[in-house]
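The values are calculated or read from the model by the stated rules, or taken from the named source; none is laboratory data. Not measured: the values here are computed from a predicted model. Note that we place each Cβ from the backbone using ideal geometry, even for glycine, and neighbour counts take in every protein chain shown. When the accessible area is computed, the model is the full protein with side chains, heavy atoms only, and any ligands, DNA or RNA have been set aside. Shrake-Rupley method; radii C 1.70, N 1.55, O 1.52, S 1.80 Å.
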2 protein chains.
Amino acid sequence: MESLTTESNNNADGGFFLANCREHLCSALDRLRCTVVGFVGKLAKIARDDPRRVAHSLKVGLALTLVSVLYYVTPLFNGWGDSVIWAVITVVVVMEFTVGATLSRGLNRTFATLVAVFLAVGAHMAANLCGENGEPILLSVFVFLVGSAATFSRFIPELKARYDYGVMIFILTFAMVAVSSYRVDELLEFAHERVTTIAVGVAICLFTTLFIFPIWAGEDLHKLAAGNLDKLAEFLEGMESECSRENSPCENLEGKAFLQVYNAVLNSKVREDSLCTFAKWEPIHGKFRFRHPWSQYQKLGALCRQCASSMEALASCVVVLKKSQYPEANPELCLKIRATCGAMSLHSAKALRGLSLAVRTMTLPCQTNDMSTATKAASDFRTQLSEDAALLQVMHAAVVASLLSDVVIQIERITESTSKLAQLARFTNPERTRSAVVIHIED
Amino acid sequence: MESLTTESNNNADGGFFLANCREHLCSALDRLRCTVVGFVGKLAKIARDDPRRVAHSLKVGLALTLVSVLYYVTPLFNGWGDSVIWAVITVVVVMEFTVGATLSRGLNRTFATLVAVFLAVGAHMAANLCGENGEPILLSVFVFLVGSAATFSRFIPELKARYDYGVMIFILTFAMVAVSSYRVDELLEFAHERVTTIAVGVAICLFTTLFIFPIWAGEDLHKLAAGNLDKLAEFLEGMESECSRENSPCENLEGKAFLQVYNAVLNSKVREDSLCTFAKWEPIHGKFRFRHPWSQYQKLGALCRQCASSMEALASCVVVLKKSQYPEANPELCLKIRATCGAMSLHSAKALRGLSLAVRTMTLPCQTNDMSTATKAASDFRTQLSEDAALLQVMHAAVVASLLSDVVIQIERITESTSKLAQLARFTNPERTRSAVVIHIED
């Protein structure tokens with residue numbers, strides 16, 4: 001009887017154990033499924049956000065496959081031998097997202113290799129004159145000097161902006177050819193193979209990037225400029241609709257999308273600069289002729305960012321204004337100001353939309369009266385306000401004080417953040433250190 | 001007599017020609033000298049600005065010299081043969097300015113090579129099963145798939161931030177080993193040589209970068225945080241001295257240095273982000289322990305930039321205020337506001353200097369009353385102002401209108417800049433295009 005009970009207990013235990021296991025397994029599988037689904041969703045989003053990313057990935061695969069043909073076809077391989085590997089490497093490091101970036105890297109790599117090979121062969125010949133023992137010493141001195149000098153030149157801002165990769169490849173090739181010259185008998189052949197295989201790799205990259213679904217940095221830069229103008233217009237349209245609304249002034253605006261739109265403009269500098277650098281390398285394409293004024297886009301971008309930064313100040317003021325519940329003390333003046341703001345926003349937004357359309361279609365901006373209307377509204381408002389000089393003076397001083405008190409609030413936050421840092425990084429206690437110093441002096 | 005005159009004429013002409021030549025030569029030499037002196041001066045300035053740049057350049061030269069010893073010493077060379085070249089290449093591409101950046105690139109390169117070699121050897125074995133004809137086809141398919149997928153993965157932001165270089169080296173090594181496997185008989189030896197030579201190159205880089213004059217990204221990030229706090233304090237000290245001065249309010253402030261100091265803080269984001277990425281790779285050094293809270297520096301930096309952006313708005317207000325010549329309409333209130341501004345600036349600046357000192361010395365920030373005094377001055381001012389509700393309401397509305405009219409002025413500049421772009425890029429005339437379209441429709 002007892003043994004039976006034990007057995008049935010064991011059976012129950014075993015069943016429980018199995019059920020438990022199955023449950024654990026199921027939940028683990030479920031978690032895994034969730035992770036995989038989340039990851040795939042993320043990948044799909046990256047592809048949807050810019051489908052050209054998929055095209056670029058496939059183009060890199062294609063270029064690699066093309067270059068590997070050099071290996072598989074025996075006559076081609078026999079021409080270069082093992083050096084074909086440089087063509088493969090070139091394809092991987094030179095293929096970039098935009099045509100301009102690929103061209104920039106490709107040309108940098110080709111010319112830097114060419115120059116370095118010439119110099120390195122010269123260094124080899126000079127070192128050769130010093131005999132068996134002197135050769136490695138002289139080669140080392142050359143490599144040290146050229147490596148140090150070229151590395152230092154990478155700190156020159158003008159050189160860094162356009163030719164940084166070229167200088168790196170110059171150091172690499174010089175060191176490689178100069179050092180190998182001690183062991184390689186056919187140095188000229190070695191150098192020649194390196195230059196030609198790199199040129200072949202660059203040619204394959206340029207073919208893939210130029211003729212199969214080309215992605216132009218210049219086009220992106222052009223679209224970025226138009227997009228920035230649109231975003232500034234969007235902010236002003238939002239302002240206009242707020243001004244024209246009759247309802248309660250104490251509404252909370254903080255969540256409104258239009259009050260955040262300037263952030264994208266403020267953060268566009270890095271992308272704009274790199275697109276501009278690459279656009280300058282690109283040949284004529286689409287509507288962009290030879291010597292298209294790419295630098296002008298940077299100037300326009302700088303002005304847009306300055307405007308966005310004023311909008312940032314404006315947004316914080318608007319949020320405060322809409323939040324506070326003032327007694328209606330001077331309804332007439334307030335109504336007037338509101339109408340002025342509405343007019344300024346409306347016409348400025350229209351003017352910006354016109355500019356954005358002009359940039360997009362590459363047509364001359366239409367001559368409209370929007371900007372003059374907005375400017376007139378602004379100067380009228382200034383004149384009106386200056387009639388009441390006492391108000392104007394106090395207002396300006398009060399604005400400074402009010403902005404300064406904003407700064408004070410932010411510095412309080414900075415103080416908290418620094419204290420958090422001190423705590424996390426376990427800063428020492430100055431009291432203890434000071435008393436230690438005193439004791440030390442008393443000694 | 002005639003011939004004599006001609007001769008003397010000729011002589012004079014020749015003398016004139018020679019003098020002319022000498023003059024040209026002198027001026028050309030002078031220009032050359034000026035260019036050279038200017039260039040050398042520029043290089044000297046780059047070196048003076050940060051002497052560690054010279055140290056870094058010499059370290060790269062040293063590392064290259066060290067790695068070239070592998071070539072010159074025969075027993076070392078015989079171990080690896082031509083593959084020693086990978087060590088040289090590794091030194092050039094891995095050596096970066098800071099320890100963190102070098103470590104990040106070195107470890108990325110080593111691990112990516114290791115993983116890629118394993119995968120590529122697996123791909124070779126799979127392709128080998130398909131016979132002589134099937135092998136290149138299957139290898140091409142593998143290279144295409146792996147190349148495309150890995151390239152696409154470089155668009156994932158989290159991967160791009162820390163492992164972008166690793167993924168590139170993964171593609172490079174996989175393509176190289178997989179494609180070579182068609183020709184190389186001793187694939188495992190080839191793969192083994194690549195992994196070990198790269199490891200040796202990385203080891204030489206780490207030795208040079210860690211033990212000879214190490215440059216720590218973490219230290220730079222720490223100094224950047226303290227420097228930003230100091231710059232904010234400098235601005236407020238300038239404000240304070242302006243508030244306490246009794247003389248004319250219509251002074252031009254535009255050239256004052258303290259009104260530009262926030263710009264450096266605003267532009268610190270890119271440098272801060274890259275230093276933070278590299279600092280996370282660095283081992284324990286100096287006062288920085290294991291798991292030092294590097295991300296907290298980014299949070300502090302974001303708050304500092306927000307404060308600097310408020311200061312930008314404040315600076316433009318102050319410039320306008322000091323420029324305008326108001327009648328003294330409400331001297332009592334103005335004096336009060338000025339005193340409040342002075343107090344807020346003084347105490348905030350003191351608090352910031354205290355925080356900067358605490359960060360620099362890594363001691364806990366001293367508990368002072370500065371921040372509470374500044375906050376009290378700010379809230380007192382608000383209370384005072386809110387007693388006059390009518391003024392407050394009009395003031396806030398007028399501030400919004402005034403900021404908006406600044407925006408209008410900036411949009412005018414944007415309009416001009418876009419017109420300049422349209423002119424330089426020869427945008428077409430919409431009128432003509434439109435009439436052309438009309439004609440086309442009429443056809």
List the distances, in nm and shortest first, from the label point of B:Ala44 to the matching label points in every other copy, placing each point 7 Å from Cα along the Cα-to-Cβ direction. 6.5
Which distance in nm do the two modelled labels at A:Lys223 and B:Arg382 give, with both placed 7 Å along the Cα-to-Cβ direction? 4.5 nm
How far is helix A:2-49 tilted, in degrees, relative to the longest principal axis of the Cα atoms in chain A, given as a value from 0 to 90 rounded to the nearest 10? 80 degrees
Report the accessible surface area buried between chains B and A, summing both sides, using a 1.4 Å probe on protein heavy atoms only, in Å² rounded to the nearest 100. 13400 Å²
Per the helix-only calculation at 222 nm, which mean residue ellipticity applies to chain A, given -39500 (n - 2.57) for every DSSP H run of n ≥ 4 and division by its residues, nearest 500 deg cm²/dmol? -28500 deg cm²/dmol
Other-chain or far-sequence residues with amide H under 5 Å of A:His285's (modelled H): none
Three-way shape label, the protein assembly as shown, alpha-carbon gyration tensor, a/c 1.5: prolate
Other protein chain Cβ atoms within 10 Å, averaged over every residue that makes up B:134-147: 4
Distances in nm between the label point of B:Leu357 (7 Å along Cα→Cβ) and its equivalents in the other copies, shortest first, are 6.2
Per the charge dipole of chain B (beta-carbon charges, Lys/Arg positive, Asp/Glu negative, Cα centre), the residue among B:Gln423, B:Met371, B:Gly38 reaching farthest to the positive end is B:Met371
Rel. contact order, % - alpha carbon contacts under 8 angstrom, at least six apart, the range B:53-211: 40 percent
Global form of the range B:63-150, assessed from the alpha-carbon gyration tensor, a/c cut-off 1.5: oblate
Given H placed 1.01 Å from N in the peptide plane, which residues other than close sequence neighbours of A:Ile215 have an amide H under 5 Å from its amide H? A:Val99
Shielding of A:176-184 by partner chains, average beta-carbon count, 10 Å: 5
Using Cα positions and a limit of under 17 Å, work out the lysines in reach of B:Lys350, with same-chain residues fewer than 8 apart set aside. B:Lys231, B:Lys376
Counting every Cα pair in chain A, what percent are over 44 Å apart? 48 percent
Relative contact order of chain A (C-alpha contacts under 8 Å, at least 6 apart) in percent is 16 percent
Which residue is it, in chain B, that holds its beta carbon closest to the axis of the B-onto-A rotation, and how many whole angstrom away? B:Ala313, 2
For chain A, modelled as a GNM with alpha-carbon contacts under 10 angstrom, which of A:Lys336, A:Lys231, A:Lys350 fluctuates the most? A:Lys336
Projected onto the charge dipole of chain B (+1 at Lys/Arg Cβ, -1 at Asp/Glu Cβ, origin at the Cα centre), which of B:Gly286, B:Thr340, B:Leu300 gives the Cα projection farthest towards the positive end? B:Gly286
Anything over 25 Å Cα to Cα? Flag those among A:Lys223/B:Lys42; B:Lys45/B:Lys420; A:Lys45/B:Lys280; A:Lys160/B:Lys42; A:Lys269/B:Lys420; A:Lys280/B:Lys299, in the order listed. A:Lys223/B:Lys42; B:Lys45/B:Lys420; A:Lys45/B:Lys280; A:Lys280/B:Lys299
What list of ³J(HN,Hα) values in whole Hz, one per residue of the range B:297-311 in order, does the Karplus curve 6.51 cos²θ - 1.76 cosθ + 1.60 (θ = phi - 60°) give from phi, with Gly and Pro shown as x? 5, 5, 5, 4, x, 4, 5, 4, 5, 4, 5, 5, 6, 5, 5
With a probe of 1.4 Å, find how much accessible area chain A has per residue, and write the answer as a whole number in Å². 50 Å²
Pairwise label distance in nanometres, A:Thr35 with A:Glu132, each label 7 Å out on the Cα-Cβ vector: 6.2 nm
Each residue of the range B:226-231 in turn: what ³J(HN,Hα) in whole Hz from Karplus with 6.51, -1.76, 1.60 and θ = phi - 60°, glycine and Pro shown as x? 5, x, 4, 4, 4, 5
Degrees between helix B:187-211 axis and first principal axis of chain B (Cα, 0 to 90, nearest 10): 40 degrees
With r defined as the distance between the Cβ atoms of B:Lys256 and B:Thr428 and R0 fixed at 51 Å, what FRET efficiency is calculated, to the nearest 0.05? 0.65
Would you kindly work out, in nm and rounded to one decimal, the distances from the label point of A:His192 to those of the same position in each other copy, ordered shortest first, with label points 7 Å along Cα-to-Cβ? 3.5
Taking a ≥ b ≥ c as the square roots of the Cα gyration tensor eigenvalues, with a/c under 1.5 meaning rounded and otherwise prolate when a/b beats b/c or oblate if not, the range A:153-305 comes out prolate
Tell me, what % of the accessible area of chain A is carbon and sulfur with a 1.4 angstrom probe? 62 percent
In a Gaussian network model of chain A with springs linking alpha carbons closer than 10 Å, the residue among A:Leu43, A:Leu114, A:Leu346 that fluctuates most is A:Leu43
Rounded to whole Hz, the Karplus (6.51, -1.76, 1.60) HN-Hα couplings of the range B:112-129, x for glycine and proline: 5, 5, 4, 5, 5, 5, 4, 4, 5, 5, x, 4, 4, 5, 5, 5, 4, 5
Shielding by partners for A:358-365, please: the mean number of other protein chain Cβ atoms within 10 Å of each residue's Cβ. 6
To test your reading of the geometry: what angle, between 0 and 90 degrees and rounded to tens, separates the Cα axis of helix A:331-361 from the longest principal axis of chain A? 30 degrees
